[in-house]
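Right, one structure below, let's go through it.
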Amino acid sequence: MSAALFPNGVAALRRFCEGRVLLAFDFDGTLAPIVDDRDRARIPHRRRRRIRRLGMRVPVAVISGRSRADVAARLVGTGVGHVVGGHGLDDGTPDPAAVAVVAAIRRSIEGGRGPGGDRTRDRAIMSRLL
């Protein structure tokens with residue numbers, strides 16, 4: 001199934017889609033190639049076109065470790081019907097208790113750098129686990 005978006009996987013994908021399905025994909029490393037600078041991650045044009053066509057036939061979702069807003073912005077024009085971020089925790093439903101914790105975390109890491117000098121990834125939604 002990992003090659004379903006490539007030409008040799010199209011026939012198998014057509015057969016699979018004849019039943020009732022929801023197709024869910026990860027963003028980084030699945031729809032978009034892994035890149036050194038995560039802000040430059042993009043879905044290649046041909047793959048975007050295939051995702052758009054696929055979304056006309058079956059429901060398509062993307063679940064990512066990125067924030068929901070980040071990955072949704074990268075999916076504009078693909079026809080993806082549902083986007084979930086934060087490794088499945090950020091489905092767009094605000095949790096009032098988490099909002100305050102998220103704001104405190106964001107203030108504490110604003111402009112911060114993570115290990116190896118990378119910009120600290122937005123893990124704010126993980127605060128729902130607290």
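The values are calculated or read from the model by the stated rules, or taken from the named source; none is laboratory data. If you're wondering where the values come from, they're calculated on a predicted model, not measured in any experiment. As a convention, Cβ positions derive from the backbone with ideal geometry for all residues, glycine included, and neighbour counts pool all protein chains shown.
Applying the selection to the range 33-61, what residues are among the β-branched types (Val, Ile, Thr) and either within 12 Å of the chain's Cα centre (by Cα) or surrounded by fewer than 17 Cβ atoms within 10 Å (Cβ to Cβ) (or both)? The answer is Ile34, Val35, Ile43, Val58, Val60. Of all the listed residues (Gly117, Gly92, Gly55, Gly112), the sole one being out of contact with any Phe, Trp or Tyr (no Cβ under 7 Å at 6 or more places or on another chain) and either closer than 30 Å to Arg14 by Cα or at pLDDT 95 or above (or both) is Gly55. State all residues of the range 61-79 that are assigned to a loop (DSSP other than H, G, I, E, B) and not polar (S, T, N, Q); if no residue qualifies, say none. Result: Gly65, Arg66, Leu75, Val76, Gly77, Gly79.
Does the range 42-60 contain at least one residue that is of a type in the set (Gly, Ala, Ser) and assigned to a loop (DSSP other than H, G, I, E, B)? Before you say what the answer is, go through the steps one by one.
Here is the first cut: in the range 42-60, the residues of a type in the set (Gly, Ala, Ser) are 55.
Adding the requirement that they be assigned to a loop (DSSP other than H, G, I, E, B) leaves none.
The answer is no, given that none of the residues of the range 42-60 is of a type in the set (Gly, Ala, Ser) and assigned to a loop (DSSP other than H, G, I, E, B).
Flag: Thr30 does not match the condition of being in a loop (DSSP other than H, G, I, E, B), touching a Gly at 6+ places or on another chain (Cβ under 9 Å) and either surrounded by fewer than 17 Cβ atoms within 10 Å (Cβ to Cβ) or among the polar types (S, T, N, Q) (or both).
The residues of the range 45-75 that are within 23 Å of Pro7 (Cα to Cα) and hydrophobic (A, V, I, L, M, F, W, C), listed by number, are Ile51, Leu54, Met56, Val58, Val60, Ala61, Val62, Leu75. Beta carbons closer than 9 Å, at least 6 apart along the sequence or on distinct chains, pair a first residue in the range 14-26 that is in the same structural domain as Ser67 (by TED's automatic domain parsing) with a second that is aromatic (Phe, Trp, Tyr) for Leu23/Phe16. Residues in the range 1-27 that are part of a loop (DSSP other than H, G, I, E, B) and modelled with pLDDT under 80: Met1, Ser2, Ala3, Ala4, Leu5, Phe6, Cys17, Glu18, Gly19, Arg20, Val21.
Just to be sure, is Arg66 modelled with pLDDT of 90 or more and within 13 Å of the chain's Cα centre (by Cα)? Working first, answer last.
Details: modelled with pLDDT of 90 or more: yes; within 13 Å of the chain's Cα centre (by Cα): yes.
Considered against the rule, which asks whether it is modelled with pLDDT of 90 or more and within 13 Å of the chain's Cα centre (by Cα), Arg66 comes out as yes.
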